[in-house]
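K.L.:
Pasting a structure below so you can have a look.
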Amino acid sequence: MKTRYRSAGRTVTGKVRKHNEDAILMRDDVGLWVVADGMGGHSAGDYASGLLIERLGAVRRDGDVFDFIETVEDAVVQVNTDLLRTAAERGVDVIGTTLVLLVHSADFMLCGWVGDSRGYCYEEGRLSQVTEDHVHGGIKSDITQFGMQSAQPTPGAGVLTRAIGAERDLFIDWVVTGSRPGMQFLLCSDGINKEMSDDEIDAEFRRRLQPQGLADELIDLGLQRAARDNISAVIVQLQD
């Protein structure tokens, strides 16, 4: 029995930002899905996330999954180098982007990330975050997140500690999960978790929607709120 997948995604500007600096990629042909959240202001943020999606959209899957992961990492590292050079040429501090991606294998799924874009897994009625935000102070002190606006801010809380284009040495964190029929994954920019709790995300998964319907519902729920940031979601559903 070979496990395959269905995927869908959507990205919107939101109600406050004038431009969408998020970008998404769905490559069912090679089993690769990506969400990127650009930083550095319009044109810079657009450029960073767009460049990352362009490069990952061109990678080929030859050899086994580990060869493919190496190819993906090489592409991301090259984007990091190019963004550092572009920022220096433009005379700006940072032109960067966060990243969360998912790679399919018949035996396991691999989720990689840089920054605070998130990966979630839903299986057997339970939602869990598989990534860990690269931010100062951790999630509980990040006042930008849903339900934390009344928290006492601490210096630097919520500021990114890692991003593509921010430092010369780039480290991508990876986590391995199962690859079983019925498992579902959510990749999202922080525009999602600024506007809704994990319990609300869990409730949407429990409605058993198909990938496009689930992505649309999450985006629409964010738009019903303040929608302070760009909002992006990619859903991957494993099947027999």
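Just so it is clear, none of the values below were taken in a lab; they were calculated from the coordinates. Just so you know, these numbers come straight off a predicted model, no measurement behind them. Cβ: placed from backbone, ideal geometry, glycine included. Neighbour counts: every protein chain shown.
K.L.:
How large is ³J(HN,Hα), in whole Hz, for each residue of region 51-61 in order, when computed from phi with the Karplus curve 6.51 cos²θ - 1.76 cosθ + 1.60 and θ = phi - 60°, using x for Gly and Pro?
P.N.:
5, 4, 5, 4, 5, 6, x, 9, 5, 9, 10
K.L.:
Could you go through region 169-179 in sequence order and give the Karplus-derived ³J(HN,Hα) for each residue, using 6.51 cos²θ - 1.76 cosθ + 1.60 with θ = phi - 60°, rounded to whole Hz, and x for Gly and Pro?
P.N.:
8, 10, 10, 9, 7, 10, 9, 9, 10, x, 9
K.L.:
Once phi is turned into θ = phi - 60°, what whole-Hz ³J(HN,Hα) does the Karplus curve with 6.51, -1.76 and 1.60 give for every residue of region 99-113, x standing for Gly and Pro?
P.N.:
8, 9, 9, 10, 10, 8, 9, 4, 9, 6, 10, 10, 10, x, 7
K.L.:
Let's test the formula: R0 of 30 Å, r as the Cβ-Cβ distance of residue 207 and residue 16. What FRET efficiency results, to the nearest 0.05?
P.N.:
According to the calculation, E is roughly 0.60.
K.L.:
Once a ≥ b ≥ c are taken as the square roots of the eigenvalues of the Cα gyration tensor of the chain, is the result rounded (a/c under 1.5), prolate (a/b larger than b/c) or oblate (a/b not larger than b/c)?
P.N.:
Oblate, because a/c is 1.5 or more while a/b does not exceed b/c.
K.L.:
Starting from the 7 Å offset along Cα-to-Cβ, what nm value, one decimal, do you get for the label separation of residue 224 and residue 200?
P.N.:
It works out to 0.8 nm between the two label points.
K.L.:
Follow-up. How large is the dipole of the chain about the Cα centre if only Lys and Arg carry +1 and Asp and Glu carry -1, each at its Cβ, rounded to the nearest 20 debye?
P.N.:
I would put it at about 520 debye.
K.L.:
Once you place label points 7 Å from the Cα toward the Cβ at residue 108 and residue 173, how far apart are they in nm?
P.N.:
1.7 nm
K.L.:
Given the Cα-Cα distance of residue 126 and residue 92 and 0.36 nm per residue of separation, how much length would full extension add, in nm?
P.N.:
This chain segment gains 7.9 nm when fully extended.
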